[in-house]
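Here's the structure, in structure tokens; my notes come after.
The values are calculated or read from the model by the stated rules, or taken from the named source; none is laboratory data. From a predicted model like this one, the values you see are computed outputs, not experimental measurements. As a convention, Cβ positions derive from the backbone with ideal geometry for all residues, glycine included, and neighbour counts pool all protein chains shown. All accessible areas refer to the heavy atoms of the entire protein, side chains included, with ligands and DNA or RNA removed. Shrake-Rupley method; radii C 1.70, N 1.55, O 1.52, S 1.80 Å.
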Amino acid sequence: MALRLVADFDLGKDVLLWLRAQRAASEASGAGSGGSDVLENDYESLRVLNVERNGNIIYTYKDDKGNVIFGLYDCQTRQNELLYTFEKDLQVFSCSVNSERTLLAASLVQSTKEGKRNELQPGSKCLTLLVEIHPVNNVKVLKAVDSYIWVQFLYPHVESHPLPENHLLLISEEKYIEQLRIHVAQEDGNRVVIKNSGHLPRDRIAEDFVWAQWDMSEQRLYYIDLKKSRSILKCIQFYADESYNLMFEVPLDVSLSNSGFKLVNFGCDYHQDREKLSKHLTLCVFTNHTGSLCVCYSPKCASWEQITYSVFYIHKGHSKTFTTSLENVGSHVTKGITFLNLDYYVAVYLRGHFFHLLNVQHPDLICHSLFLTGNNEMIDMLPHCPLQSLSGSLVLDCCSGKLYRALLSQSSLLRLLQNTRLDCEKMAALHCALYCGQGTRFLEGQIIQWISENVSACHSFDLIQEFIIASSYWSVYSETSNMDKLLPHSSVLTWNTEIPGITLVTEDIALPFMKVLNFKGYWEKLNSNLEYVKYAKPHFHYNNIVVRREWHNLISEEKTGKRRSTAYVRTILDNAIKVISNLEARNLGPRLTPLLQEEDSHQRLLMGLMVSELKDHFLRHLQGVEKKKIEQMVLDYISKLLDLICHILETSWRKHNLHSCILHFNSRGSAAEFAVFHIMTRILEATKSLFLPLPPGFHTLHTILGVHCLPLHNLLHCIDSGVLLLTETAVVRLMKDLDNTEKNEKLKFSIILRLPPLIGQKICRLWDHPMSSNIISRNHVTRLLQNYKKQPRNSMIDKSSFSVEFLPLNYFIEILTDIESSNQALYPFEGHDNVDAEFVEEAALKHTTMLLGL
């Protein structure tokens, strides 16, 4: 399945086995009581109560006397520790331990077993205790009230030394939250006691709320209060110095007025009737390190024929409401929708019905999120019990007492990519898989292998183009927090095709009102995202429009011979050299394909221009990042683009077992060569619309394969339409490799006519043939006569100086000779490559002889 759950903790294996071992050791020493005090027949009483910020897990069970025993599992040492035994038969529903393990807070209620006497004070429903446990000493009653109280210690980010003051949150069913400040002191060595336990200072930090969520990893409290029937989401951040701030307020379009009271992630909520979960709304807040802030909401469900859920992408300024219809629904569904935080994604699922993987960082297009429904193995393999999403990717299964780390399964996503028929699922699976791999060579190799065999598998988008852009994006994504705003992660800008099984409504939402001025860490990134939403019109994503214009200017200058300063061009070409050096450093093994081995000045210009423009783009928008780091990011990104192209071509080359002998024109094309030619053509199409550079040597190899595989008229059509680009290296090799048969002469002449004039003149000198002599002569005459002014001349011509008595030709050659003599006097060092009037005369006669068939 797409969701992979890796167990970090198993209550049965990590705690129960330890308890049994403790009992066995106790019996062996003669101190046991026949085993009746440990949970052989009472395993149901062993339950997880809470997971603290440092990963430690608090659990509870009862002995045969009904006493409540608190234990702690240390996730670092993987050791268990018994913390405290409460000698009354009560039920624990909330518990927390401070970071130093010196204080324990717990809330207990009357046991649900029939026939049990009431252990609580008359008129009270809940007993909240604060216990000194280092060593076990005093017990202070914090609350004995007729409403439920949840407890949670704050964990400072700095844990190198114990703090003299501990902070404890009390969350009341009467809709208020208090913070208790507990001063502790050491006495008699290591004994920790509470100072002034008779009066503990307390602050009321929230009132009249209807929903609250605790983020144990980031020490944040989210809560919603109702103002004039509007739901206002607020967040309080607790700091290492034990201060706290209200960070923001934002209105939410959610209906909570009749939903009662709900808490999220304040320990395991066994107090709630889990059979009624499906009838209640679900609401939770998810964040990640990039500054994202998502609120996931599923309203009360009156009918199971259709399910609606919303995700408020607050960091993007819009919300998306999804509606899906359920098939084969029984009389009722006992489990509601589950939302899971997977960092870059949010998973939404209802087991047996649908699974939705929502892209948090790029939610604009629905095709970048994966939606599966119906009979799909990924849906059928989802967990049966409701999962509680904790901070980060941690999830807790309260039913089984297992703590998992939720990950996306690369193998399942690759399998989906290979097997699904829908383009939207291919797109989403590709992006999910690349996110999982983050540029790993093995994953890229598997995807490229599939692409090379299914290059035409997608009709809605270019598969090669999408892979190159997305994989290059992920290769540099981690370098800076703003990369998602500066580089495109996809080649697809719009998506109008419906996703089967789901409908979508997108709405703009109000942005949060930030209550503080100075931001650090996560809040700085969130504020940056919000500022981007407000002011970034148009968006900052890089494109090659400027590069395209400048490249065409340079090529035009080259054709006319009027190129700008050599220093500018040299700088551009030096950039290309850096890219190729960086690319070669990435690739340790020898390359099978003959790429990166020739000059190909046009591609090097394009490469160097892209380096220059992308560096300027980063410098404009990445304030505070070192210039050297920016330059390296640019080189890494462009090197990755080229490396992926090389990788795709090498995979196809290896698959078809091609050899270096195909690099000569005097061989015939095979089916394998045609397959490689086809994929090279698709690579060219993918890069052409985005104006991306190709590895030097690509066009030469492409042309060689084209000559091998295509009939002449198809070949010339490909050249004229720009599918094949003639390089000097390819044409020189063609002239040398092919003899002058009638068929080859026709090919050579057709190609020479399609070359730019400067390259054409150079190539003609390599071909010893009357046709090339004719072309050279024409070019020579054109050059001589372009500034010629007719002068009075003697009508008498010395016929003895000409080999043939043909007056028009004799007269013309005499004019050329005079011009050459004049030019030689003015420009004595100008070379003519042994082309003169005599050469022109000879070429003209040979050409005339050919035309007359003599």
For this session: Write out, first by first residue and then by second, each pair whose Cβ atoms fall under 7 Å of each other, whose residues are 6+ apart or on separate chains, and whose first residue, in segment 591-607, is at pLDDT below 85 while the second is among the basic types (K, R) and open to solvent by 30 Å² or more (accessible area, probe 1.4 Å).
Result: L592/R654
Exercise. Limited to segment 349-359, what total is found for residues that are touching a Lys or Arg at 6+ places or on another chain (Cβ under 9 Å) and open to solvent by less than 30 Å² (accessible area, probe 1.4 Å)?
Worked result: 2
Exercise. When segment 47-68 is examined, which residues are found to be touching an Asp or Glu at 6+ places or on another chain (Cβ under 6 Å) and either without any contact (Cβ under 8 Å) to a residue 24 or more places away in the chain or charged (D, E, K, R) (or both)?
Worked result: D63, D64, N67
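For (1) out of contact with any helix residue (DSSP H, G or I) (no Cβ under 7 Å at 6 or more places or on another chain); (2) loosely packed, with under 13 Cβ neighbours inside 10 Å; (3) of a type in the set (S, T, N, Q); (4) part of a helix (DSSP H, G or I), each residue gets a yes or a no:
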residue: Y542; (1), (2), (3), (4): no, no, no, no
residue: V547; (1), (2), (3), (4): no, no, no, yes
residue: H552; (1), (2), (3), (4): yes, yes, no, yes
residue: E558; (1), (2), (3), (4): yes, no, no, yes
residue: K562; (1), (2), (3), (4): yes, yes, no, no
residue: Y568; (1), (2), (3), (4): yes, yes, no, yes
residue: T571; (1), (2), (3), (4): yes, no, yes, yes
residue: A576; (1), (2), (3), (4): no, no, no, yes
residue: V579; (1), (2), (3), (4): no, no, no, yes
Exercise. Could you list, in sequence order, the residues of segment 216-256 that are of a type in the set (S, T, N, Q), at pLDDT 90 or above, open to solvent by 20 Å² or more (accessible area, probe 1.4 Å) and touching a Leu at 6+ places or on another chain (Cβ under 9 Å)?
Worked result: S217
Seminar exercise, completed: Checked segment 517-533 for anything over 20 Å from F618 (Cβ atoms) and open to solvent by 50 Å² or more (accessible area, probe 1.4 Å); matches are L517, N518, K520
For this session: Can you tell me which residue within segment 616-639, out of those that are part of a helix (DSSP H, G or I) and charged (D, E, K, R), is most open to solvent (accessible area, probe 1.4 Å)?
Result: K628
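Looking only at segment 498-521, decide whether some residue is among the charged types (D, E, K, R) and closer than 29 Å to H647 by Cα.
no
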Seminar exercise, completed: Those residues of segment 585-615 which are of a type in the set (D, E, K, R) and part of a helix (DSSP H, G or I) amount to R586, R604, E613, K615
Seminar exercise, completed: Subset of segment 412-464, residues in a loop (DSSP other than H, G, I, E, B), within 18 Å of E650 (Cβ to Cβ) and among the polar types (S, T, N, Q), comes to T440, N454
Exercise. Quick one: is L434 of a type in the set (A, V, I, L, M) and open to solvent by 10 Å² or more (accessible area, probe 1.4 Å)?
Worked result: no
Seminar exercise, completed: Reported set for segment 657-684 where residues are hydroxyl-bearing (S, T, Y), in a helix (DSSP H, G or I) and either closer than 20 Å to Q597 by Cβ or without any contact (Cβ under 8 Å) to a residue 40 or more places away in the chain (or both) is S660
Exercise. If the Cβ limit is 8 Å and pairs must be 6+ apart or interchain, which residue in segment 534-549 that is under 10 Å from H617 (Cβ atoms) pairs with which residue that is assigned to a loop (DSSP other than H, G, I, E, B) and of a type in the set (A, V, I, L, M)?
Worked result: H541/L487; Y542/L487
Problem set entry | Conditions (1) among the hydroxyl-bearing types (S, T, Y); (2) within 30 Å of L526 (Cα to Cα); (3) touching a Ser or Thr at 6+ places or on another chain (Cβ under 7 Å); (4) surrounded by 18 or more Cβ atoms within 10 Å (Cβ to Cβ): number failed by T503 | (4)
Problem set entry | Residue among Q213, Q186 that is open to solvent by 20 Å² or more (accessible area, probe 1.4 Å) and part of a strand (DSSP E or B) | Q186
Seminar exercise, completed: Of those in segment 48-77 that are touching a Phe, Trp or Tyr at 6+ places or on another chain (Cβ under 9 Å) and open to solvent by 30 Å² or more (accessible area, probe 1.4 Å), the residue farthest from L390 (Cα to Cα) is C75
Problem set entry | Unique match (being in a helix (DSSP H, G or I), of a type in the set (S, T, N, Q) and under 21 Å from I469 (Cα atoms)) among T729, T687 | T687
Problem set entry | Which numbered condition S491 misses (of (1) open to solvent by 90 Å² or more (accessible area, probe 1.4 Å); (2) assigned to a loop (DSSP other than H, G, I, E, B); (3) not β-branched (V, I, T)) | (1)
Problem set entry | Qualifying positions in segment 432-456 - more than 17 Å from S490 (Cβ to Cβ) and in contact with a helix residue (DSSP H, G or I) (Cβ under 7 Å, 6 or more places away or on another chain) | L443, Q446, I448, Q449, W450, S452, V455
For this session: Answer with yes or no whether E132 is part of a loop (DSSP other than H, G, I, E, B), under 48 Å from the mean Cα position of the chain (by Cα), surrounded by 13 or more Cβ atoms within 10 Å (Cβ to Cβ) and at pLDDT 85 or above.
Result: no
Exercise. Can we say K279 is over 34 Å from the mean Cα position of the chain (by Cα), under 25 Å from I502 (Cα atoms) and modelled with pLDDT under 85?
Worked result: yes
Exercise. Out of curiosity, is E613 under 19 Å from S471 (Cα atoms), open to solvent by 30 Å² or more (accessible area, probe 1.4 Å) and in contact with an Asp or Glu (Cβ under 9 Å, 6 or more places away or on another chain)?
Worked result: no
Problem set entry | Within segment 647-656, tally of residues that are touching a residue at least 60 places away in the same chain (Cβ under 8 Å) and surrounded by 14 or more Cβ atoms within 10 Å (Cβ to Cβ) | 6
Exercise. Which residue out of D423, D397 is open to solvent by less than 30 Å² (accessible area, probe 1.4 Å), over 17 Å from Y349 (Cβ atoms), outside the structural domain of F9 (by the TED database) and charged (D, E, K, R)?
Worked result: D423
Exercise. Mind checking whether some residue in segment 94-110 is open to solvent by 40 Å² or more (accessible area, probe 1.4 Å) and either at pLDDT 85 or above or under 41 Å from the mean Cα position of the chain (by Cα) (or both)?
Worked result: yes
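Here is a yes/no grid of residues against (1) modelled with pLDDT of 90 or more; (2) touching an Asp or Glu at 6+ places or on another chain (Cβ under 9 Å); (3) assigned by the TED database to the domain that holds T687:
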{"residue": "L434", "(1), (2), (3)": "yes, yes, no"}
{"residue": "E453", "(1), (2), (3)": "yes, no, no"}
{"residue": "C458", "(1), (2), (3)": "no, yes, no"}
{"residue": "L487", "(1), (2), (3)": "yes, no, no"}
Seminar exercise, completed: Scanning segment 711-738 for residues that are without any contact (Cβ under 8 Å) to a residue 24 or more places away in the chain and open to solvent by 30 Å² or more (accessible area, probe 1.4 Å) gives P711, H713, N714, H717, S721
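Is it the case that segment 485-492 has a residue that's touching a Leu at 6+ places or on another chain (Cβ under 7 Å) and not aromatic (F, W, Y)?
So far as segment 485-492 goes, yes, one or more of its residues are touching a Leu at 6+ places or on another chain (Cβ under 7 Å) and not aromatic (F, W, Y).
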